[in-house]
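Single-structure report; data block below.
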Amino acid sequence: MIRFTNVKKSFGNYLVLEDFSLEVETGQVFGLLGLSDSGKTTVCKLLTGLLALDSGEILVDDMKAGTGVRRLKRRLGYVPQVMGSYPKMTVFEFLHFFASCYHLEESKIRGRIHMLLELAGIRSWENSPMEVLPRAVMQKLSIVRAMLHEPKILVLDDPMMSLDLRTVAEIKEILLDYAEDGRTVFLTGSALGDFSDLCTHLSFLHQGRVIRKGAVSRIFQEISAQNPIVIQVEGKRTALLSLLKEDHRVKSISLMENEIHIQFKGDAREEAELLKKIVDAGILLHSFYREAGNMENILGKEDKGERSLFSYE
Amino acid sequence: MNENPIWTKDNMLSDRSLFMPMLISFTNLVLLILFIANLYYISLNGLQTGEIRYAGFLQIYYLVAAGLFLFLLLLAPAITVSSLSTEEEEHMLELLLETDLDSRSIIFGKLFSELSTLGTLLLSTLPFLATVFIYGGVSNYYLCLYFLGYGISCVFLSSLGIACSGLAKNSVYATIFAYGISFLLYGLLFYGLFSLQKNSYFIYATILSFILLGLLSLLCLTIGRKTLDKRYNGRNL
C-alpha cells in the first residue's frame with residue numbers, strides 16, 4: 001500500500017505539490033493524471049526516494065519512502081519518463097547488468113531475462129546494441145528492466161508518452177499481465193483515453209493537489225454526466241432554443257458558431273427523450289452527442305477557465 | 001568473489017571504445033620520442049666531445065619516469081572526473097541508486113574502473129621503464145618508491161575525480177576543481193621533496209607524502225559517497 005499524507009514539495013519559489021494526499025491499495029492499477037508540469041514526475045520521484053519532501057509523509061507498506069532501506073528498494077520498480085542507456089551494450093547485457101545490481105542469482109538471471117523479453121515481445125532485440133533500438137522498444141525495455149527483481153509495486157512515469165497506438169496497447173497488456181498476481185501498478189500520464197481500459201482507479205492532479213479520485217467506472221460516469229451535449233441543426237435555431245429553455249433538465253445553453261452546447265442533467269433515457277422531442281418538432285439535426293471527457297474539460301471546470309460566447313443558466 | 005557490477009560494466013564498455021588504445025598509443029608514442037631524443041642527444045654529444053657520458057643513459061629513465069608521471073597528472077583528472085557525471089548525463093544514476101547497490105558499491109566500482117585504466121597505462125609503459133635494467137644506476141629501492149608513488153597517486157587522483165564529479169553541478173566545473181587541486185597539491189609536494197632530496201629526511205618526507213595522499217583519497221571517497229547518499233535520500237545537491 002502507498003500512502004501520501006499532506007505532501008508538500010517546492011523547487012525554490014515554485015510550488016509543485018501542496019497538501020497532496022493519496023492512497024493506493026495493494027493490487028490496484030492506479031493512474032495519476034495531470035497536465036504537463038502538474039507535478040506527476042515529482043510525485044514519482046518522491047515515492048521512489050529520489051527527491052525529498054518539504055513536509056508531509058509518504059509510506060510504502062508502512063516504510064517511509066526515501067530511507068534507502070534495501071527491503072523498500074526491492075519492493076519498488078521505477079520506470080522513469082526518459083530512460084538512459086549504455087549505447088555500446090546489448091539489450092541482454094544491459095538487463096544482466098541490472099540483474100547483477102539487484103544481486104539476483106546468476107543461475108536464474110538468463111531465464112528471467114528471456115521470460116521478460118518474451119512477455120514484452122522484444123526477444124528478437126536481445127543481441128542488438130542499445131544505440132539502434134527504436135523508441136517503442138526502448139520503452140518496453142525500460143519496463144522490463146524495472147520488473148527484473150519482481151517488485152511488488154511498479155512505478156511508471158508517463159510510460160505512454162509519444163508512443164504510437166499499437167505500442168500503447170502492447171504496454172497496457174504487459175502491465176495488465178504484471179498486475180494479475182496482485183501487484184500494484186502506479187502510473188502517471190496526461191491522456192485520459194490511455195488509462196480508461198488499463199486502470200482500476202484514477203486520480204487527477206491539478207495545481208499541486210488531487211482534485212478527483214476514485215474507481216474508473218465511477219469517475220467516467222461523473223465526467224460524462226458533466227460534459228455538455230453538442231447539438232448541430234440545419235435552420236430553426238430559434239425554435240430549438242425555445243424547446244430547450246422549456247425543458248427543466250437543461251441547466252445551461254451556450255451558443256457556439258455552428259453548435260449549441262447544453263448542460264443536461266439526465267440519464268441516457270432522458271437524453272433519448274430530448275432527442276425525440278427535437279426531431280418531433282421538425283428540426284433538422286446534423287448531430288446530437290455528449291462530449292467525451294478529456295483532461296482539459298475536467299481541469300478547465302476546476303479552473304473556471306474560458307466561458308463560451310453565450311451562456312444561459 | 002562477487003565482482004562489482006559497476007566495475008564489470010565499465011570494463012566492458014571500455015573494451016568497446018577506442019579511448020584506451022588511443023591513450024596507450026599516444027602515451028607510448030610520446031615516451032618513445034623522449035627515449036629516442038635522449039639517445040640521439042647522447043650519441044650526438046659523444047660524436048662532438050669524443051666521450052660517452054654514462055649519466056646521460058640514466059637520464060633516459062628519469063625522463064621516461066617523469067614523463068609518465070606528468071601524463072598521469074595531466075590525464076587522470078580528465079578521465080576520472082566524468083565517472084559520476086557521465087552516469088547522470090546518461091540518465092542512469094537514478095536507476096543505479098534505485099537498485100540494491102549502495103553508494104559505497106557504486107563509488108568503489110567507479111574507483112576500480114578508473115584504477116584499471118590508469119594501471120593499464122602504467123603496464124603498457126613498462127618496457128620503457130625497464131630500460132633502466134639495461135643501464136643500471138637506479139636501485140630497486142627507488143624503483144619501488146616510484147611505483148608506490150605512482151600507485152598511490154592513481155588512487156588519489158581517481159578519488160579526487162570522483163569527489164569533484166559528485167560535488168560539481170557539471171563536468172566543466174568538476175574538471176577545473178580536479179585540475180586545480182591536483183596541480184596545487186602536487187606542486188607543493190614536489191617542491192618539498194626536491195628541497196629535501198639531498199637530505200636524510202627525504203625518505204620520511206616521501207612516506208609522509210604517501211600517507212597524506214592516502215588520507216586525502218579516503219576523504220575524497222567519503223565525499224563522493226556522501227554526495228551519492230544525499231542524492232538518494234533526496235536532498236537536492
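Every number in this text was worked out from the coordinates using simple rules, so none of it is lab data. Keep in mind it's a predicted model, so treat the numbers as computed, not measured. Cβ atoms come from the backbone with ideal geometry, glycine included; neighbour counts cover every protein chain shown.
Assorted remarks:
- Scaling the Cα radius of gyration of chain B by the globular reference 2.2 N^0.38 Å produces a ratio of 1.16.
- The number of Lys pairs in chain B with C-alpha atoms less than 16 Å apart, excluding pairs fewer than 8 positions apart on the same chain, is 4.
- Relative contact order of chain A, defined on C-alpha pairs under 8 angstrom at six or more residues apart (%): 20 percent
- Here is the tail figure for the stretch A:91-249: Cα pairs spaced more than 28 Å apart come to 40 percent of all pairs.
- Estimated FRET transfer efficiency when R0 is 22 angstrom, pair A:Arg110-A:Val132 (beta carbons, to 0.05): 0.50
- Rounded tilt (10° steps) of A:216-226 against the dominant C-alpha axis of chain A: 30 degrees
- The HN-Hα couplings worked out from phi for the stretch A:97-108 by the Karplus form 6.51 cos²θ - 1.76 cosθ + 1.60 (θ = phi - 60°) are 4, 5, 4, 5, 5, 8, 6, 6, 5, 4, 5, 9 Hz, whole numbers, x standing for Gly and Pro.
- Separation between Cα centres of the stretch A:216-291 and the stretch B:176-237, rounded to whole Å: 78 Å
- Intensity falloff of chain A expressed as log10 I(q)/I(0), Debye formula with alpha-carbon point scatterers, at q = 0.07, 0.15, 0.16 Å⁻¹: -0.38, -1.14, -1.24
- Shape descriptor for the protein assembly as shown: Rg over Rh equals 1.18 (Cα atoms; Rh from the Kirkwood inverse mean 1/r).
- Shape box of the stretch B:1-77 [Cα atoms, principal axes, largest first, Å]: 61, 24, 23
- Ranking A:Gly208, B:Ala76, B:Tyr186 by how far each Cα lies toward the positive end of the dipole of the protein assembly as shown (charges on Cβ) leaves B:Tyr186 at the top.
- Helix A:135-147 and the longest principal axis of the Cα set of chain A meet at an angle near 60°.
- Chain B: angle of helix B:54-80 to the longest principal axis, Cα-based, in degrees nearest 10: 10 degrees
- In the stretch B:91-203, Rg over Rh equals 1.08, where Rg is the alpha-carbon radius of gyration and Rh the Kirkwood radius from pairwise Cα distances.
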